[in-house]
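Undergrad: First the structure, then my questions, so here it is.
The values are calculated or read from the model by the stated rules, or taken from the named source; none is laboratory data. From a predicted model like this one, the values you see are computed outputs, not experimental measurements. Positions of Cβ are backbone-derived with ideal geometry, glycine not excepted, and every protein chain shown enters the neighbour counts.
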Amino acid sequence: MKTQYYTATSLDGFIATEDDSLDWLFPLGNVSDTSYPEFIAGVGALAMGASTYEWMLRHSTKMVEETGSIWPYRQPTWVFTHRKLSAASSGVDIRFVQGAVPPVHAEMTRAAAGKNIWVVGGGDLAGQFFDAGLLDEAIIQVASVTLGKGKQLFPRRVTSPPWQLLSVRQVGSGFAELRYRLPRVGAPSAV
């Protein structure tokens, strides 16, 4: 079981525009051509920030087109937020939480039942998991575009020890997928 940050980023390190848009990403390729189908099959629980969750709700029509459902995940999802949000739709397991990551991660680990935990986004939430010593891997698909500014991939300084590159894979003509093992510096041991 691993806790993984799986995301796409522009060449200049942004996962979304300033207004949380991912529209730049869709013309670049088909998700079926990436490692996503295999990746999501190994996921037992998801963590996402409020901005990611709200973007998904605003783009529910796109979700239905892409996945056939307003909410594309069968796994339980923990949404980290400081504001009141409404559920995506009935019949989905969405849990709104706030506060420190470690107790929520412990709950997610139990729910995942041996499968992986996916930190969907955003970058700061992935950083909070990293700060708590609970992020094992980053799988980053680097797109062949630049955004100039926006929401950062990982708004943390990590220099020593650096992330360990495990693999590089070309995905179509527009992406390079990088897989990293993340260091556990001064953090509690993994669950």
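Undergrad: With respect to A50, is the statement that it is touching a His at 6+ places or on another chain (Cβ under 9 Å) and within 21 Å of D19 (Cα to Cα) true? Give the derivation first.
TA: Working: touching a His at 6+ places or on another chain (Cβ under 9 Å): yes; within 21 Å of D19 (Cα to Cα): yes.
When the stated conditions are applied, A50 passes them.
Undergrad: List every residue pair whose Cβ atoms lie under 6 Å apart, where the two residues are 6 or more positions apart in sequence or sit on different chains, the first residue falls within the range 162-176 and is farther than 12 Å from S35 by Cβ, and the second residue, located anywhere, is among the basic types (K, R).
TA: Within 6 Å, the pairs are Q164/R181; L166/R179; L166/R181.
Undergrad: For the range 10-43, give me each residue that is buried (at least 19 other Cβ atoms within 10 Å of the Cβ), of a type outside the set (V, I, T) and in contact with a Gly (Cβ under 7 Å, 6 or more places away or on another chain).
TA: F14, A16
Condition check ((1) over 19 Å from G123 (Cβ atoms); (2) among the hydrophobic types (A, V, I, L, M, F, W, C)) across all residues:
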| position | (1), (2) |
| --- | --- |
| D19 | no, no |
| S32 | yes, no |
| A45 | yes, yes |
| S86 | yes, no |
| S89 | yes, no |
| R95 | yes, no |
| A100 | no, yes |
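Undergrad: Looking at S35, S69, which is the one that is among the hydroxyl-bearing types (S, T, Y), modelled with pLDDT under 90 and touching a strand residue (DSSP E or B) at 6+ places or on another chain (Cβ under 8 Å)?
TA: Answer to the selection: S35.
One line per residue, one yes/no per condition, for (1) at pLDDT 95 or above; (2) assigned to a loop (DSSP other than H, G, I, E, B); (3) within 26 Å of S21 (Cβ to Cβ):
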position	(1), (2), (3)
V119	yes, no, yes
G127	yes, no, yes
I139	yes, no, yes
F154	yes, yes, yes
R184	no, yes, no
